[in-house]
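*Asks:* Sharing a structure with you now.
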């Protein structure tokens, strides 16, 4: 773990009697996009604040390129591009003045500012108080990426962006990884993270409950499908299909709710033979993923599948 760009060992932080994070243990490989996934209040932001040296650990340690994130915080920050989850910008500044101000902490070093401003289609001459929420988020993203830092720590980076710009952000993150960057990407949106991450850690109530390769996660996580029929059919037609569970059959026989995991090819073939009126196939939800790893009656941590060896190098 000592050579990993990000290495966390038994990291714990509490807020008095309130829970923070408990015994976190993971590492992020060089050139990897590592997703950090959990609902609001799970401990994602606390973890990031510990990585950025904003909080002192109660126990354990966090290191970036072997440097302690608390005792060597100034040195650590020179290696990191950081996007906080809650951005607070200087309202009276223009975008240019804001980026100049932050670049001044790194001797004016911001080699990719012009390139990123063009990519995210942001007018830097406008004052921040006149910017929409989405444009404020773009400004914060540019600030995080413009230094060309080897490690990027991004908390809910797509927040406030419109769908087209969310797609552009995903492509930008992939490009950063291709440039050799190591990315720590925190989010509560599973479908967003699994589009770009190599591995995903799932945190709930302050504990990591799983670390999985994304391919493994895709194979096992469930998605909900609502099937609306033109006339009733026997729901047993779905029972023999691999990766399909019948959740409910409505009284009218025209609505069937399914849980689908893995490749839906056989299911789609069956659906093509039925009198379908409409389909709703939603994105995977976090709760269905959590239920695989987490029993709310127990406090035990389960680090699952192929991710464990990578998490404990």
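*Asks:* At 222 nm, what value in deg cm²/dmol follows for the chain if DSSP H runs of at least 4 each add -39500 (n - 2.57) and the sum is divided by all its residues, to the nearest 500?
*Replies:* Values: 11 runs with 90 residues, N = 313.
Calculated mean residue ellipticity at 222 nm is -8000 deg cm²/dmol.
*Asks:* Follow-up question, since we're still on this one. Would you mind telling me which residue in 42, 73, 126 has the biggest mean-square fluctuation in a Gaussian network model of the chain, where springs connect alpha carbons within a distance under 10 angstrom?
*Replies:* Result for the chain, Cα springs under 10 Å: 126 fluctuates most.
*Asks:* Quick one: if the Förster radius is 35 Å, what FRET efficiency do residue 274 and residue 168 give, using the C-beta to C-beta distance and rounding to 0.05? Working shown, then result.
*Replies:* On the way: r = 38 Å, r/R0 = 1.10.
After rounding, the FRET efficiency stands at 0.35.
*Asks:* When only C-alpha pairs under 8 Å and at least 6 residues apart count, what is the relative contact order of the chain, in percent?
*Replies:* Details: 613 pairs, mean separation 62.9, N = 313.
Computed value for the chain: 20 percent relative contact order.
*Asks:* If the label point is 7 Å along Cα→Cβ of residue 129, which residues in region 80-101 have backbone nitrogen under 20 Å from it?
*Replies:* 87-101
*Asks:* Going by how many other Cβ atoms sit within 10 Å of their own, how do 182, 94 line up, fewest first? Intermediate values should be presented prior to the final figure.
*Replies:* Working: 182 25, 94 17.
Fewest to most other Cβ atoms nearby, the residues stand as 94, 182.
*Asks:* To continue, here is another question. Quick check: the angle from helix 133-145's long axis to the longest principal axis of the chain, C-alpha only, nearest 10 degrees?
*Replies:* Helix 133-145 sits at roughly 60 degrees to that axis.
*Asks:* Could you work out how much longer the chain between residue 91 and residue 259 gets when fully extended? Use 0.36 nm per residue separation minus the Cα distance between them, nm to one decimal.
*Replies:* Numbers: separation 168, 0.36 × 168 = 60.48 nm, distance 4.69 nm.
Net length gain for the segment: 55.8 nm.
*Asks:* Another one. Which percent of Cα-Cα pairs in the chain sits in each 20 Å bin, short to long?
*Replies:* Calculated over all Cα pairs of the chain, the distribution is 30, 50, 19, 1 percent.
*Asks:* In what sequence do 198, 109 fall when counting other Cβ within 10 Å, fewest first? Kindly include the intermediate steps, with their values, before the conclusion.
*Replies:* Details: 198 18, 109 14.
In increasing order of surrounding Cβ atoms, one gets 109, 198.
*Asks:* Please build a GNM for the chain, connecting alpha carbons under 10 Å apart, and tell me which residue among 105, 65, 82 fluctuates the most.
*Replies:* 105
*Asks:* Further question on the same structure: Tell me, 55, 24 in order of fewest to most beta-carbon neighbours within 10 Å?
*Replies:* Numbers: 55 20, 24 24.
The order, fewest Cβ neighbours first, is 55, 24.
*Asks:* With each label point set 7 Å from Cα along the Cα-Cβ vector, what nm distance links residue 56 and residue 215?
*Replies:* Reported label-point gap for residue 56 and residue 215 is 4.5 nm.
*Asks:* In a GNM of the chain with a 10 Å cut-off on Cα contacts, which of 37, 122, 190 has the highest mean-square fluctuation?
*Replies:* 122
*Asks:* For the chain, give me the percentage of DSSP beta bridges that are antiparallel, rounded to the nearest 5 percent.
*Replies:* Values: 37 of 55 bridges.
Bridges in the chain that DSSP calls antiparallel: roughly 65 percent.
*Asks:* Taking a spot 7 Å from the Cα of residue 175 along the direction of its beta carbon, which residues of region 72-94 have an amide N less than 19 Å from it?
*Replies:* So the set is 81-83.
*Asks:* Sequence gap at least 6, Cα distance under 8 Å: using those rules, report the relative contact order of region 222-283 to the nearest whole percent. Could the numbers behind the result be given before it?
*Replies:* On the way: 109 pairs, mean separation 30.1, N = 62.
Over region 222-283, the number comes to 49 percent.
*Asks:* Any idea how far the Cα center of region 31-103 sits from the one of region 111-174, in Å?
*Replies:* Taking the Cα centre of each part, region 31-103 and region 111-174 sit 16 Å apart.
Coordinate-derived values only; no laboratory data. No experiment lies behind these values; they were computed from the predicted model shown. In this analysis, Cβ positions are derived from the backbone assuming ideal geometry, glycine residues included, and neighbour counts consider all displayed protein chains.
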